[in-house]
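Here's the structure we're looking at; comments come further down.
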Amino acid sequence: MNCSPHTSVVTQIEGFRVSFMSNQRQQKPTLTGQRFKTRKRDEKERFDPSQFQESIVQGLNQTGTDLEAVAKFLDASGAKLDYRRYAETLFDILVAGGMLAPGGTLSDDVTCTDFCLFKAQEDMETMQAYAQVFNKLIRRYKYLEKGFEEEIKKLLLFLKGFTESERNKLAMLTGILLANGNISASILSSLFNENLVKEGVSACFAVKLFKSWLSEKDINSVAASLRKVGMDNRLMELFPANKRSCEHFSKYFTDAGLKELSDFARNQQSIGARKELQKELQELMSRGDPLKDIIAYIREEIKKNNISEQTMIGLIWSSIMSSMEWNKKEELVTEQAIKHLKQYSPLLKAFTSQGLSELTLLLKIQEYCYDNIHFMKAFQKIVVLLYKADVLSEEAILKWYNEAHLAKGKSVFLEQMKKFVEWLKHAEEESESEEEEAD
């Protein structure tokens, strides 16, 4: 069969393609001695803190006890050494003189320095100077901030591995750093470690730390820092579970000369107990439990938590008002409030046996009506209701009206009460004249 020239060309091309593909399949890669250059950024540098340690130790040995010179050396070295990578090593050396092994002992195989926090003098002035070194370093190299906080947390976990003097210095420094805002109070969570707590290390360290902190700042500042990170309610955890009471905490820290910390912790516990009590009261009211059972429960809580009647009447008032879904219309809310309070007036009466408790209740009512605008016009009607129910006496109402009222909504509420107060005064005068006639 004759092939056209075109067919012949196609056949040749196909043959060439098959032959080329066959050769491609047969070719196998071979290894040669040729080496390819790797770009520098692709190479992972080996983690080797020993060389970094040598440089820092050498510099500290040269600067010696001159902490100004130490701060300048650390400032300049940050440009040459990798602080970001070796932050933990850097802080270990500045605190303990060398790299720390797990547990807090110094690593044997490395050079150490005696020019560090642990070898310094044990006094506040020296510790303040060291705090300045850390402060300048972290201000200059902001990226060290987080690493420094982690270092302090770690050091607190290693407390058992340090001597008493080393712990004291670390406690003093930590207190100063907390006062200066260099670290967050969240670092205290390390002190709640079970082994440290069990052996009494945590509580002992906390005494030194808080003394140092309170020598720089007042208790309100310390309380604000603790509150910010939720540590204000956790201080009891410095003690083992069987000693975790307000009485033990108070005695321990008062005996150590930290009465203001004891008072703060007692107050915090009291606030916690009051919140729990109010929650429980609202639940009892929502369930519709009998008033005699609620009164018995409250009396038990007063005794157990040492709560004053004045504090309790405020909690009862808040619980009563929180247990109801109030109407948003001003003209309907007054009627609703009167009906609701009439039901709970025996409960209010049970805990207003003192004139001061009555006055406290009046101030709470004033505050509530001012803060909840729909109740602004209900104030007088509520007071009159509670007067008729023997919850509030005329003495308490007159004292409130004449001198003891709050500034909140004062003009509105005094105007509302004017006629009723005049009636009370008139009734009082009549009563006095009747007594005189009888005499």
*asked:* Given an 8 Å cut-off on Cα distances and at least 6 residues of separation, report the relative contact order of the chain as a percent.
replied: 8
*If a helix is a whole DSSP H run, which ones in the chain reach 18 Å or further along their own axis (Cα) and hold a mean Kyte-Doolittle hydropathy of at least 1.0?*
none
*Identify the residues of the range 117-137 with backbone N under 18 Å of a label point that sits 7 angstrom from the Cα of Thr65 along the Cα-to-Cβ direction, or state none.*
117-133
*asked:* Given a 10 angstrom Cα cut-off, can you work out which residue in Gly78, Gly288, Gly314 is the most mobile in a GNM of the chain?
replied: Gly288
_Cα point-scatterer Debye curve for the range 238-359, base-10 log of I(q)/I(0) at q = 0.09, 0.13, 0.14, 0.20 Å⁻¹_ = -0.35, -0.64, -0.71, -1.11
*asked:* Can you give the Rg/Rh ratio of the range 258-324, where Rg is from the C-alpha atoms and Rh is the Kirkwood radius?
replied: 1.04
*asked:* Taking the Cα centre as origin and putting +1 on Lys and Arg beta-carbons and -1 on Asp and Glu beta-carbons, what dipole magnitude results for the chain, to the nearest 20 debye?
replied: 3320
_For the range 69-197, fraction of C-alpha pairs farther apart than 22 Å, in %_ = 32
*Would you compute, from DSSP H runs of 4+ residues alone, the mean residue ellipticity of the chain at 222 nm, taking -39500 (n - 2.57) per run and dividing by the full residue count, rounded to the nearest 500?*
-21500 deg cm²/dmol
*Could you grab the Rg to Rh ratio for the range 137-185? Cα atoms only, Kirkwood for Rh.*
0.99
*Which Cα, out of Leu60, Gln310, Gly78, lies furthest along the positive dipole direction of the chain (beta carbon charges, K/R +1, D/E -1)?*
Gly78
*Ratio Rg/Rh, restricted to the range 285-439 and using Cα atoms, in which Rh is the Kirkwood radius*: 1.00
*10 Å Cβ shell holding at most 13 others, DSSP loop, GluC sites (Glu not before Pro): longest site-free stretch of the chain*: 200-324
*What percent of all Cα-Cα pairs in the range 50-141 falls in each 10 Å bin, counting up from 0?*
17, 54, 28, 1
*Once Rh is set to the Kirkwood radius over Cα pairs, what Stokes-Einstein translational diffusion coefficient, in µm²/s, holds for the range 341-382 at a temperature of 10 °C and a viscosity of 1.306 mPa s?*
144
*Normalized C-alpha radius of gyration of the range 149-267, against 2.2 N^0.38 Å?*
0.96
*So what are the chain's ellipsoid semi-axes, whole angstrom, largest first, if each one is the square root of 5 times an eigenvalue of the alpha-carbon gyration tensor?*
72, 40, 20
*Any idea what the dipole of the range 76-138 comes to, in debye rounded to 20, about its Cα centre with Lys/Arg Cβ at +1 and Asp/Glu Cβ at -1?*
380
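Read-outs: derived from the displayed coordinates by stated rules, not from any lab. Just so you know, these numbers come straight off a predicted model, no measurement behind them. Positions of Cβ are backbone-derived with ideal geometry, glycine not excepted, and every protein chain shown enters the neighbour counts.
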